[in-house]
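Student: Below you'll find the structure I mean.
The values are calculated or read from the model by the stated rules, or taken from the named source; none is laboratory data. Keep in mind the model is a prediction, meaning the values are calculated, not measured. Cβ sites come from the backbone with ideal geometry, for glycine too, and all protein chains shown count toward neighbours. Ligands, DNA and RNA are excluded from the accessible area calculation, which covers all protein heavy atoms including side chains. Shrake-Rupley method; radii C 1.70, N 1.55, O 1.52, S 1.80 Å.
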Amino acid sequence: MQPHSAADEKVGLPYWVDRVLEEHSNVGGALPAEPIHDLRISLRRCILIADVMMDLDPGCDWKAMRKSARRTFQRLGTLRDTQVLNEWIEKLGAPGEPSTDMLLGALKKKHELDRIDARAAIREFDRKQWRTWRRECAKHYHHVVSDRAACESLALELWESVRDLNRRAQRSRSLLAYHRLRVGLKKFRYAIENFLPSMYPGWAPDLKLLQDLLGEIHDLAVLDQMIVKSRSLFEETVFTAWRGKVKDERSSRLQQFRAKMAGKTSPLRIWREGLPAEKDLRSTGLARLGEWASFVTPDFPRARRTARLSLQLYDGLVNCGLTGKEPQFEERFILHAAALLQEAGRFKKGKAYHKESFRMIRKISPPPGWTKRDLEFTALVARFHRRALPYPDHEKLRAYELPLRQSLIRLAAVLRLANAFQAKPYRAIRRLQVENGPGFLVIRAEGFRERDAINSKLSVARRFLEFVFQRSVHILPPGTRMMVPRIVRPAARSDAA
């Protein structure tokens, strides 16, 4: 859990939904500039939170919330853009100057039309529905925020997007590329603010400065387009002078932005150093996959217990030298992910949920540190945790080379046995240890009793493990002595015989 402070209370979904409702009340019929701006800021935060949560949590109606916020945000945006252009014209022009009055006059008619649409947007805003979303979705949001590793994975993905957008903008120098960078930077800023609030205060000054610079560059580009469209209103010298002023202001901000983002002191470098190192990406990505699984799995605590038993079995087999010698992939992470995600298909409420899990896992976008191939393997192992056994000639495995198929089958066998230990008679089992004997394996199950019968599910899983590792498997409580049958050798025949 992240530590809470007084500052933390001014971030997060409940706070911003409350701000949306408050600023909506403040806007009123007059539509003053400041409340409109504050309402759009609050809506933008809610859009970002819904964007992030949509990929993790299909249980809440994040899509509807995002759609409502975007619709109101965009309809107010045209009015806000007109207000901002007014401010720029007054700043760059001189009071009473004919060209300034002409530009302000050209905006006036559009301003009135924008005000009509903005009033309609304010009137149609559904306050009751927003209060419902606050009540229903806040718990899901807090569940994600409490998992720092998952939030770091989300932030890193957005950082990578900002890095790529910055490279394109610096290379092409086009205003469209800088506009896209501005949008990406906003998303990154709001994600840090709302999902990693403890890190935000140290990064906020640079994030705000860069966002403001890019915002002003965009505003000046829009003003330049307006001046070009209004060319017929001016003499050529006045037209050139206005465009020159706008160009100078825009160039100044572009230089500031490029200087800030260049070199070893670039905020991009500083932000990256505060996010997970390369060696930790697997773990943070796994945490993020686990968050998704927690929202789509009806009994996620059971999946976590199964994952723990699976890893104990796998580690025991590695210690016995039976697997993990020359892994085709990072088997332990794949097994862990498959155990957590194996029952995701239950969310669709179908009978063959293991097949639905297979399809759902393959559709996930890989978090940083993971690849599509990793998720393919995870989906395959999860697919075979029940029902049909994953023999090498199974249609889902034929696409892979034999050594890879064998690795996947071993992991499926381990996961299947761990699941069998979670069946009703054996739920008291807390820990598994593996011992290697001559031609057999002993699995010590803490919580298992000698008088416990081996039910059909555990029997099938045990036999499959025996087939995979080509040795008999015995399940015993800890401390129980393994009775190895004596091998009686036939006596040598005497010469007389």
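Here's the yes/no breakdown for (1) under 30 Å from GLY290 (Cβ atoms); (2) over 33 Å from the mean Cα position of the chain (by Cα); (3) among the charged types (D, E, K, R); (4) assigned to a helix (DSSP H, G or I):
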position	(1), (2), (3), (4)
PRO14	yes, no, no, yes
HIS37	no, no, no, yes
MET54	yes, no, no, yes
SER68	yes, no, no, yes
GLN74	no, no, no, yes
ARG80	no, no, yes, yes
GLU87	no, yes, yes, yes
LYS91	no, yes, yes, yes
ASP101	no, yes, yes, yes
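Student: What are the residues in segment 349-386 that are touching a residue at least 12 places away in the same chain (Cβ under 8 Å), part of a helix (DSSP H, G or I) and charged (D, E, K, R), if any?
Tutor: Scanning segment 349-386 gives LYS355, GLU356, ARG359, ARG362, ARG373, ASP374, GLU376, ARG383.
Residue by residue, here is whether (1) within 19 Å of VAL17 (Cα to Cα); (2) in contact with a Cys (Cβ under 9 Å, 6 or more places away or on another chain); (3) among the β-branched types (Val, Ile, Thr); (4) without any contact (Cβ under 8 Å) to a residue 40 or more places away in the chain holds:
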residue	(1), (2), (3), (4)
ILE116	no, no, yes, yes
ARG123	yes, no, no, yes
ARG127	yes, no, no, no
THR132	yes, no, yes, yes
ALA138	yes, no, no, no
VAL145	yes, yes, yes, no
GLU152	no, no, no, no
GLU160	no, no, no, no
SER172	no, no, no, yes
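Student: Which count do you get for residues in segment 321-369 that are over 30 Å from GLY437 (Cα atoms) and among the β-branched types (Val, Ile, Thr)?
Tutor: Residues that pass the stated criteria total 2.
Student: Would you confirm whether or not segment 299-309 contains a residue that is touching a residue at least 40 places away in the same chain (Cβ under 8 Å), part of a helix (DSSP H, G or I), in contact with a helix residue (DSSP H, G or I) (Cβ under 7 Å, 6 or more places away or on another chain) and β-branched (Val, Ile, Thr)?
Tutor: Within segment 299-309 (the criterion being touching a residue at least 40 places away in the same chain (Cβ under 8 Å), part of a helix (DSSP H, G or I), in contact with a helix residue (DSSP H, G or I) (Cβ under 7 Å, 6 or more places away or on another chain) and β-branched (Val, Ile, Thr)), the answer is yes, since at least one residue qualifies.
Student: Within segment 446-458, track down each residue that is surrounded by 13 or more Cβ atoms within 10 Å (Cβ to Cβ) and among the small types (Gly, Ala, Ser).
Tutor: Selection gives GLY447 alone.
Student: Further question: Quick check on PHE295: is it under 20 Å from the mean Cα position of the chain (by Cα), more than 20 Å from LEU156 (Cβ to Cβ) and open to solvent by 10 Å² or more (accessible area, probe 1.4 Å)?
Tutor: yes
Student: Moving on. Residues GLU157, GLU124: which one is over 18 Å from PRO368 (Cα atoms) and among the acidic types (Asp, Glu)?
Tutor: The unique qualifying residue is GLU124.
Student: Sticking with this structure for a sec: Can you tell me which of (1) at pLDDT 90 or above; (2) out of contact with any Asp or Glu (no Cβ under 6 Å at 6 or more places or on another chain) is the one VAL473 doesn't meet?
Tutor: Unmet for VAL473, out of (1) at pLDDT 90 or above; (2) out of contact with any Asp or Glu (no Cβ under 6 Å at 6 or more places or on another chain): (2).
Student: List the residue pairs whose Cβ atoms are under 9 Å apart, where the first residue sits in segment 420-445 and is farther than 19 Å from THR323 by Cβ, the second is aromatic (Phe, Trp, Tyr) and surrounded by 15 or more Cβ atoms within 10 Å (Cβ to Cβ), and the two are 6 or more positions apart or on different chains.
Tutor: Cβ pairs passing all conditions: TYR426/PHE448; ARG427/PHE421; ALA428/PHE448; ILE429/PHE421; ILE429/PHE448; ALA445/PHE421; ALA445/TYR426.
Student: Filter segment 259-292 down to the residues that are acidic (Asp, Glu) and farther than 27 Å from PRO205 by Cα and list them by number.
Tutor: Across segment 259-292, the qualifying residues are ASP280, GLU291.
Student: Next up: Could you please give the count of residues in segment 321-340 that are open to solvent by less than 30 Å² (accessible area, probe 1.4 Å) and at pLDDT 95 or above?
Tutor: Qualifying residue count for the region: 7.
Student: Okay, next question. Which one of these is more than 28 Å from SER68 (Cβ to Cβ) and modelled with pLDDT under 95: ARG163, ARG115, ARG148, ARG173?
Tutor: ARG173
Student: Could you please let me know if LEU408 is on the phi < 0 side of the Ramachandran plot, open to solvent by less than 30 Å² (accessible area, probe 1.4 Å) and part of a helix (DSSP H, G or I)?
Tutor: Values: on the phi < 0 side of the Ramachandran plot: yes; open to solvent by less than 30 Å² (accessible area, probe 1.4 Å): yes; part of a helix (DSSP H, G or I): yes.
It is true that LEU408 is on the phi < 0 side of the Ramachandran plot, open to solvent by less than 30 Å² (accessible area, probe 1.4 Å) and part of a helix (DSSP H, G or I).
Student: So, in segment 430-445, of the ones that are among the hydrophobic types (A, V, I, L, M, F, W, C) and open to solvent by 10 Å² or more (accessible area, probe 1.4 Å), which residue ends up nearest to ALA307 (Cα to Cα)?
Tutor: Checking each candidate, the answer is VAL434.
Student: Further question on the same structure: Can you pull out the residues in segment 164-217 that are more than 30 Å from HIS140 (Cα to Cα) and within 20 Å of the chain's Cα centre (by Cα)?
Tutor: The answer is ASP164, LEU165.
Student: Now for a different question. Do you know which residues across segment 365-379 are open to solvent by less than 20 Å² (accessible area, probe 1.4 Å) and within 14 Å of ARG282 (Cα to Cα)?
Tutor: Correct list: PRO367, PRO368, TRP370, ASP374, LEU375, THR378.
Student: Within segment 73-80, identify whether any single residue is open to solvent by less than 40 Å² (accessible area, probe 1.4 Å) and more than 30 Å from ASP248 (Cβ to Cβ), and answer yes or no.
Tutor: To start, the set of residues in segment 73-80 that are open to solvent by less than 40 Å² (accessible area, probe 1.4 Å) comprises 73, 76-77, 79-80.
Next cut, more than 30 Å from ASP248 (Cβ to Cβ) only: 73, 76.
Yes: one or more hits.
Student: Now a separate question. Check LYS109, LYS67, LYS128, LYS139 and return the single one that is closer than 30 Å to ARG231 by Cα and out of contact with any helix residue (DSSP H, G or I) (no Cβ under 8 Å at 6 or more places or on another chain).
Tutor: LYS109
Student: Here are LEU415, LEU404, LEU389, LEU441: which of them is touching a Ser or Thr at 6+ places or on another chain (Cβ under 9 Å) and closer than 20 Å to ALA338 by Cβ?
Tutor: Numbers: LEU404 fails: touching a Ser or Thr at 6+ places or on another chain (Cβ under 9 Å); LEU389 fails: touching a Ser or Thr at 6+ places or on another chain (Cβ under 9 Å); LEU441 fails: closer than 20 Å to ALA338 by Cβ.
Criteria check complete, one pass: LEU415.
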